[in-house]
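So the structure is just underneath, and the comments pick up after that.
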Amino acid sequence: MFQGILFVPHTGIAWEHLPQELGFGSGMTCWRRLAEWTEAGVWRRLREALLARLRTANALDFSRAAVDGSHIRALKGDPRRDEALSTGAGRAASIT
């Protein structure tokens, strides 16, 4: 299950296209687990535990750290392109 949750964002495939042959479970089950684990704070605790172990082992070297702007597209979350977003209250004054 965990491997399936990591595999989908890594490859960029849709959840429903997760190959059953890989043995990760169904894509929809992985998606549901991801949502459940996120709600339960599992990812936050996992990150904290991993960082604690790395700090204890003195295995963190931030001199070579970088910020990454990668993201996963929100396919159903994009605003419609034909709708302009409001920049303020009311209508703009006409310049004539």
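The values are calculated or read from the model by the stated rules, or taken from the named source; none is laboratory data. Since the model is a prediction, treat every value here as computed from it, not as a measurement. Counting neighbours? That spans all protein chains shown, and the Cβs are built from the backbone with ideal geometry, glycine included.
Can you name the residue in the stretch 29-43 that is exposed (fewer than 11 other Cβ atoms within 10 Å of the Cβ) and part of a helix (DSSP H, G or I) and is also farthest from the chain's Cα centre (by Cα) among such residues?
40
Filter the stretch 54-69 for residues that are at pLDDT 90 or above and surrounded by fewer than 10 Cβ atoms within 10 Å (Cβ to Cβ) and give the result.
Answer for the stretch 54-69, where residues must be at pLDDT 90 or above and surrounded by fewer than 10 Cβ atoms within 10 Å (Cβ to Cβ): 56, 57, 58, 59.
Quick check on my filter: what residues within the stretch 1-28 are surrounded by fewer than 14 Cβ atoms within 10 Å (Cβ to Cβ), more than 18 Å from the chain's Cα centre (by Cα) and in a loop (DSSP other than H, G, I, E, B)?
Those that are surrounded by fewer than 14 Cβ atoms within 10 Å (Cβ to Cβ), more than 18 Å from the chain's Cα centre (by Cα) and in a loop (DSSP other than H, G, I, E, B): 19, 23.
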